[in-house]
Amino acid sequence: MTLEEYLKKKILPDLEESRNGFDKIHTLEVVDWLKQIIEHNPDLKLDKDVLLIAAYAHDWGYSDIFGEGEVMQFEKVEDAKKLHMELGAQKLEKLLKGSIFSFLTDTQKERAIHLVAVHDKKFELKDVDELVLMEADMLSSLDINDGKPIYDAESNKKFMAAILTTRIPKFVTNFSKEEAKRLVQARKDYCNKIGKKE
């Protein structure tokens, strides 16, 4: 079993119902965006294994907070951010004790746990790997697709204001900056089409 197969097996079942299924779809998208960011930025010399593990586990903590059928509202999600990072880091720390992770150094394991523990501390992120994980997280959050729930109109307005003022300005890769422009416009077009004005 590959590392990714193992992470999917251990983490994704917990995310099936979390935030109406958003977290499973979102996590897989974050992983995909992360791979693209790494591929487009070999000069950053990022630790792909550490970032991949953190990407799979980054919202794992929400599975203990939000259940099936719970409506996604901006304030509820914002209020849960600190707790979901703590819970996710605790779950990952336990998972990393498994023998499949023996190829990692203790420093790498600690870094993966750290990334999960801080990934939504938007005003504190400063290290390149922290910012790259945040970029992948935000690109998925911006992305509108048919299978992923979206905020209600009021929550979407607050989400867009927050991401445009506090997240996108911290992007460090040109790839993510360009993708964010495209996704912001696509989200605006989509929301205008269905009447969720920003």
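The values are calculated or read from the model by the stated rules, or taken from the named source; none is laboratory data. Treat the numbers as computed from the prediction; the structure is a model and nothing was measured. As a convention, Cβ positions derive from the backbone with ideal geometry for all residues, glycine included, and neighbour counts pool all protein chains shown.
Here D43 fits the description: free of Cβ contacts under 8 Å to residues at least 60 places away in the same chain and over 25 Å from A80 (Cβ atoms).
Annotation: E86 fulfils all but one of (1) assigned to a helix (DSSP H, G or I); (2) at pLDDT below 95; (3) surrounded by fewer than 16 Cβ atoms within 10 Å (Cβ to Cβ); the unmet one is (2).
Condition check: under 16 Å from the mean Cα position of the chain (by Cα), among the charged types (D, E, K, R) and within 29 Å of T173 (Cα to Cα). Does K8 satisfy that? So K8 passes the test. When A136, A186 are screened for being farther than 14 Å from V77 by Cβ, touching a Leu at 6+ places or on another chain (Cβ under 9 Å), of a type outside the set (V, I, T) and at pLDDT below 90, only A186 passes.
Against the conditions (1) touching a helix residue (DSSP H, G or I) at 6+ places or on another chain (Cβ under 9 Å); (2) under 30 Å from P169 (Cβ atoms); (3) surrounded by fewer than 20 Cβ atoms within 10 Å (Cβ to Cβ), where does F103 fall short? Just the number, please. Among (1) touching a helix residue (DSSP H, G or I) at 6+ places or on another chain (Cβ under 9 Å); (2) under 30 Å from P169 (Cβ atoms); (3) surrounded by fewer than 20 Cβ atoms within 10 Å (Cβ to Cβ), the lone unmet condition for F103 is (2). Checked against the criterion of being in a helix (DSSP H, G or I), under 21 Å from H84 (Cα atoms), acidic (D, E) and out of contact with any helix residue (DSSP H, G or I) (no Cβ under 6 Å at 6 or more places or on another chain), the candidates E110, E178, E124 yield just one match: E110. Looking at F103, F159, just one residue is modelled with pLDDT under 95 and closer than 28 Å to E86 by Cβ, and that residue is F159.
When segment 1-27 is filtered for residues that are in a helix (DSSP H, G or I) and surrounded by fewer than 15 Cβ atoms within 10 Å (Cβ to Cβ), the ones remaining, listed by number, are E4, E5, K9, P13.
Evaluating Y56 against the criteria (1) modelled with pLDDT of 95 or more; (2) closer than 30 Å to N174 by Cβ; (3) assigned to a loop (DSSP other than H, G, I, E, B); (4) of a type outside the set (A, V, I, L, M, F, W, C) leaves one unmet condition, (3). Taken over segment 90-107, the residue count meeting the criterion of being farther than 23 Å from D32 by Cβ and either part of a helix (DSSP H, G or I) or among the basic types (K, R) (or both) is 7. Here D79 passes the criteria (1) within 18 Å of Y62 (Cβ to Cβ); (2) in contact (Cβ under 8 Å) with a residue 12 or more places away in the chain except the one numbered (2).
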